[in-house]
Amino acid sequence: MINIFKTEQSVIRTIDAFEDGAWVQMVDPSVQELNKVSEAYDIEVSDLATALDEEESSRISLEDGYTLILVDIPSPEVRHEKKMYTTIPLGIILKQNAIITVCRENTPVVDYFILNKMKDFSTKKKMRFIYQILLRSATMYQAYLRGIDKKRIEIEERAGENTKDGDIIELHELESTLVYFATSLRSNSIDIACMSRQH
């Protein structure tokens, strides 16, 4: 799916064409959609598709005519019939005339901008937009970590004589989530340090 957005007087609206100052949002794009954006912006298809590979890790690479930024963002998922969290790659491609985001699913991090909740958000101010995405991602990590800690306390309060197998599985899942988060946050912090040096 491709959506194209542009802000006018801090209000986001959907537009129909690839314009200067636009934000192109791609969610689980098809091969045809990848090719369409690749041709419109002269970006390698493989760079656009990078974020669709869940094994990709955070990095920044300077390509010919654009910068590719890959960050890990938190995402809710269901494991063992319980709400848990994982991390997924978000690709951000910075062109002179546009910003392109690519993710394999809709995410609360990106939806926040589409719903016009970010203060002083402008699709034309590309570096600020990237920092705002990183800020929103960090805020989501914090919220999810608070939720994880609350669940951990609940399980520990139930622990003892009536510990259930389900509690042990859930504690293990919470621990796995913390490992995902710690790894992703370390990688993201390297990205942010690189960007700070460049700008």
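The values are calculated or read from the model by the stated rules, or taken from the named source; none is laboratory data. Computed from a predicted structure; not experimentally measured. Cβ coordinates were reconstructed from backbone atoms using ideal geometry, including for glycine residues, and neighbour counts include every protein chain displayed. Only protein heavy atoms, including side chains, enter the accessible area calculation; ligands, DNA and RNA are left aside. Shrake-Rupley method; radii C 1.70, N 1.55, O 1.52, S 1.80 Å.
Quick rundown of the values:
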quantity: Unmet requirement for LYS83, which otherwise passes all of (1) surrounded by 15 or more Cβ atoms within 10 Å (Cβ to Cβ); (2) touching a strand residue (DSSP E or B) at 6+ places or on another chain (Cβ under 9 Å); calculated: (1)
quantity: Residue within region 62-71 that is of a type in the set (Phe, Trp, Tyr), in contact with a helix residue (DSSP H, G or I) (Cβ under 9 Å, 6 or more places away or on another chain), in contact (Cβ under 8 Å) with a residue 60 or more places away in the chain and over 26 Å from GLU173 (Cβ atoms) present; calculated: no
quantity: TYR144 vs. criteria hydroxyl-bearing (Ser, Thr, Tyr), farther than 26 Å from ASP20 by Cα and touching a strand residue (DSSP E or B) at 6+ places or on another chain (Cβ under 6 Å); calculated: yes
quantity: Members of region 14-31 that are within 22 Å of GLU105 (Cα to Cα) and surrounded by 11 or more Cβ atoms within 10 Å (Cβ to Cβ); calculated: ILE15, PHE18, ALA22, TRP23, VAL24, GLN25, MET26, VAL27, ASP28, PRO29, SER30
quantity: Residue among ILE15, ILE43 that is at pLDDT 90 or above, hydrophobic (A, V, I, L, M, F, W, C) and over 20 Å from ILE114 (Cα atoms); calculated: ILE43
quantity: Any hit, region 1-9, residues being within 20 Å of THR183 (Cα to Cα), of a type outside the set (S, T, N, Q), outside any loop (DSSP other than H, G, I, E, B) and under 17 Å from the mean Cα position of the chain (by Cα); calculated: no
quantity: Qualifying residue in region 54-75 (condition: open to solvent by 40 Å² or more (accessible area, probe 1.4 Å) and in a helix (DSSP H, G or I)); calculated: no
